[in-house]
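Notes for the one structure printed next.
The values are calculated or read from the model by the stated rules, or taken from the named source; none is laboratory data. Because the structure is a prediction, the values reported are computed rather than measured. No Cβ is skipped: glycine too gets one built from the backbone with ideal geometry, and neighbour counts run over all protein chains shown.
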Amino acid sequence: MDWGRGAYELTAAALAPAAEAVVLAGGVRPGQRVLDVGCGTGNAALIAARAGARVTAVDPASRLLDVARAQARREGLTIEVLSGEAASLPVPDRRFDAVLSNFAVIFAPDHTAAVAEMVRALAPNGRVVFSAWLPSGAIGQMNAAAMDMVRRALGAPAPPTPFPWHDQRALAALFAAFDMTVTVEQHELAFTAASPQDFLEAQRTSHPMAIAGFEVLQRLGQAEPAHARLLRILQEGNEDAPAFRSTNRYIVVTAERR
C-alpha cells in the first residue's frame, strides 16, 4: 500500500483533532523526546514540536515525509524525519519519552512486531499512545464494504482476522507481554462534506486506499455498481441531510510500564 498516492493531506486535515488528543494523552512537555510512528503529513509530530518537544517522525511514504518537512520549515520547527516501517523503526533503543501514532500503527501487518518496536524505542518511564477506530459509523461501514468488494472482485480468499486494535481486552493482553498496562479513552470525530456524493468523490480521488481499490474495480468492470453501493451506505448513514455528516468513534490508547 503506497500511502503517498493521491492527496492524503485532505484526510490528514480531518484527523487533526485526533492527533491533538494523542499528543495530549502523551503528556508531551518541552524538551522531551517524542517519536511519531507512521507520521504521514506530520499531524502529531508538528503538534508535539509546537509544544517544545524534540521530535522524530517516521513513515514509509516519502512524499508524505516531504509534506511534513515542508510544513515544519514553514513554521520554523525542527523535526527529524526518517523513512521507516513500524515493525523496523530506524531509531535507538530506550530513547523516547513518548511514542505516538495517530491511526497509523493500526495498519501494521504484524501488530506484535510493531508494538515490540515501539516499546524498544521507549524510555524507561515513557508511554506509548495511539488512536484506533471503533467499528461504527457510516464511513467505517463504507470502508469495510469497499475492501470486501475489492477482495471478491479479485477472487481472493478471505484474509485472516486482523488484530482488534479497538478491543481493550486484546490490547491489554498484547501489551502485557511487554510488561505494560493499558488505559483507553473514547472520543468522537465527525467527517463532513456538502453531500454524500461529494464525500465519496473526494475519497475516491484523494485517499490512497480508495484510489487503489477503485483502480482494481474499474479494471474488472465493477466500479459503477461498487460506487452505487458505497454511496447508498453513506446516504443511509448520513446524519445531516441535505449535507453530509458522519460521526465516528475512536479510542486513544495509553500503554505504560508496570
Query raised in the report: If you go through the range 86-103 one residue at a time, how many are closer than 10 Å to residue 121 by Cβ and among the acidic types (Asp, Glu)?
Result: 1
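Tell me which residues, restricted to the range 29-45, are surrounded by 24 or more Cβ atoms within 10 Å (Cβ to Cβ) and outside any helix (DSSP H, G or I).
The first filter runs over the range 29-45 and keeps only residues surrounded by 24 or more Cβ atoms within 10 Å (Cβ to Cβ), leaving 34-45.
Once the filter is applied, which keeps residues that are surrounded by 24 or more Cβ atoms within 10 Å (Cβ to Cβ) and outside any helix (DSSP H, G or I), the range 29-45 yields 34, 35, 36, 37, 38, 39, 40, 41, 42.
Please find, within the range 168-191, the residue that is surrounded by the fewest Cβ atoms within 10 Å (Cβ to Cβ) out of those that are closer than 14 Å to residue 132 by Cβ and out of contact with any strand residue (DSSP E or B) (no Cβ under 9 Å at 6 or more places or on another chain). Spell out how you get there, then give the answer.
Here is the first cut: in the range 168-191, the ones closer than 14 Å to residue 132 by Cβ are 168-172, 174-175, 182-189.
From what's left, out of contact with any strand residue (DSSP E or B) (no Cβ under 9 Å at 6 or more places or on another chain): 169-170.
Values: 169: 9, 170: 14.
Going through the qualifying residues, I end up with 169.
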Report summary line: Flagged in the range 77-97 as within 17 Å of the chain's Cα centre (by Cα), crowded, with 16+ Cβ neighbours inside 10 Å and in a strand (DSSP E or B), in numbering order, are 85
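Consider residue 48 carefully, then state whether it is in a helix (DSSP H, G or I), on the phi < 0 side of the Ramachandran plot, at pLDDT 95 or above and buried (at least 24 other Cβ atoms within 10 Å of the Cβ). Talk me through it step by step, then tell me what you get.
On the way: in a helix (DSSP H, G or I): yes; on the phi < 0 side of the Ramachandran plot: yes; at pLDDT 95 or above: yes; buried (at least 24 other Cβ atoms within 10 Å of the Cβ): yes.
Answer is yes for this residue.
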Query raised in the report: Is there any pair linking a residue in the range 90-119 that is over 13 Å from residue 253 (Cβ atoms) and at pLDDT 95 or above to one that is crowded, with 20+ Cβ neighbours inside 10 Å and polar (S, T, N, Q), with Cβ under 7 Å and at least six apart or on different chains, and which?
Result: 91/56
Query raised in the report: When you go through (1) touching a helix residue (DSSP H, G or I) at 6+ places or on another chain (Cβ under 8 Å); (2) within 22 Å of residue 184 (Cβ to Cβ); (3) surrounded by fewer than 22 Cβ atoms within 10 Å (Cβ to Cβ) one by one for residue 25, which number turns out not to apply?
Result: (1)
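Within the range 14-28, which residues are within 20 Å of residue 207 (Cβ to Cβ) and assigned to a helix (DSSP H, G or I)? Spell out how you get there, then give the answer.
Applying the first criterion (within 20 Å of residue 207 (Cβ to Cβ)) to the range 14-28 yields 14-19.
Within the range 14-28, 14, 16, 17, 18, 19 qualify.
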Query - residue 20 being surrounded by fewer than 16 Cβ atoms within 10 Å (Cβ to Cβ) and closer than 27 Å to residue 182 by Cβ - result: yes
Query raised in the report: Can you pull out the residues in the range 120-137 that are at pLDDT 95 or above and in a helix (DSSP H, G or I)?
Result: 120, 121
